[in-house]
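Here's the structure we're looking at; comments come further down.
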Amino acid sequence: MLSESLSRVMLRMRLGFLRKMFISVREESKDLTPMEIFCLEGIEAMERPTISQFARFTGISQSNATYRVNCLIRKGYVIRVPSQRDRREYHLELTEKFRGCGRAFEQSVRVLSKRIAMRMSREETEKLTAILDDSLDKWNALMEKDDLLKG
């Protein structure tokens, strides 16, 4: 039952985000594809990946990843930032153009958080936060073990 409830909540939040993205794309950039939206979400989730890391994470070739990233750069959604450690390497960062679209998702999270806080005691809310943080840490550890989230 918990997994079903979490799945429904996450689906609704994703749908709200995707709807906002599609509306924003229709208004601002008529040529952003659903695959590019997926790529943008991946780049955001990975937090400043290199193109190689992005390619490994998505399971696409380096050349395909480079092509997709270059399209997103031309459309103004992504920039390349030189690495502090190795100037030959670049990290991908999202621009304000994308971040404006993502605010709908952030708003959904705030609304959900308020609703949870209204129904739970402070201690219960803190316990839920600790459980979610622990789950995220374990998920990230698994992803990093496969070298998928290192950015």
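Can you give the extra length, in nm with one decimal, that the chain gains between Tyr67 and Lys97 once fully stretched, where that is 0.36 nm per residue apart less the Cα-Cα distance?
8.8 nm
Helix 62-74 versus the longest principal axis of the chain: what angle, 0 to 90°, nearest 10, using Cα atoms?
That helix lies at roughly 80 degrees to the long axis.
Given 0.36 nm per residue, what is the gain on full extension from Ser5 to Glu47 after removing their alpha carbon distance, in nm?
Difference between extended and current length: 12.4 nm.
So how many Lys-Lys pairs in the range 2-145 land under 26 Å Cα to Cα, not counting same-chain pairs under 8 apart?
Counting lysine pairs in the range 2-145 gives 10.
Sorting Tyr77, Tyr90, Tyr67 on the 10 Å Cβ count, fewest up front, what's the list?
In order of increasing Cβ crowding within 10 Å: Tyr67, Tyr90, Tyr77.
Starting from the alpha-carbon convex hull of the chain, give the projected area averaged over all orientations, in nm².
So the Cα hull casts an average projection of 10.6 nm².
Using Cα springs under 10 Å in a Gaussian network model of the chain, which residue among Val111, Val78, Val69 shows the largest mean-square fluctuation?
Evaluated over the chain, the most mobile residue of the options is Val111.
Sort the following peptides by mean Cβ neighbour count (other Cβ atoms within 10 Å, averaged over residues), highest first: 128-141, 52-65.
52-65, 128-141
Quick note: the coordinates plus some simple rules give every number you see, no bench work behind them. As the structure is a prediction and not an experimental result, all values here were calculated from the model. Positions of Cβ are backbone-derived with ideal geometry, glycine not excepted, and every protein chain shown enters the neighbour counts.
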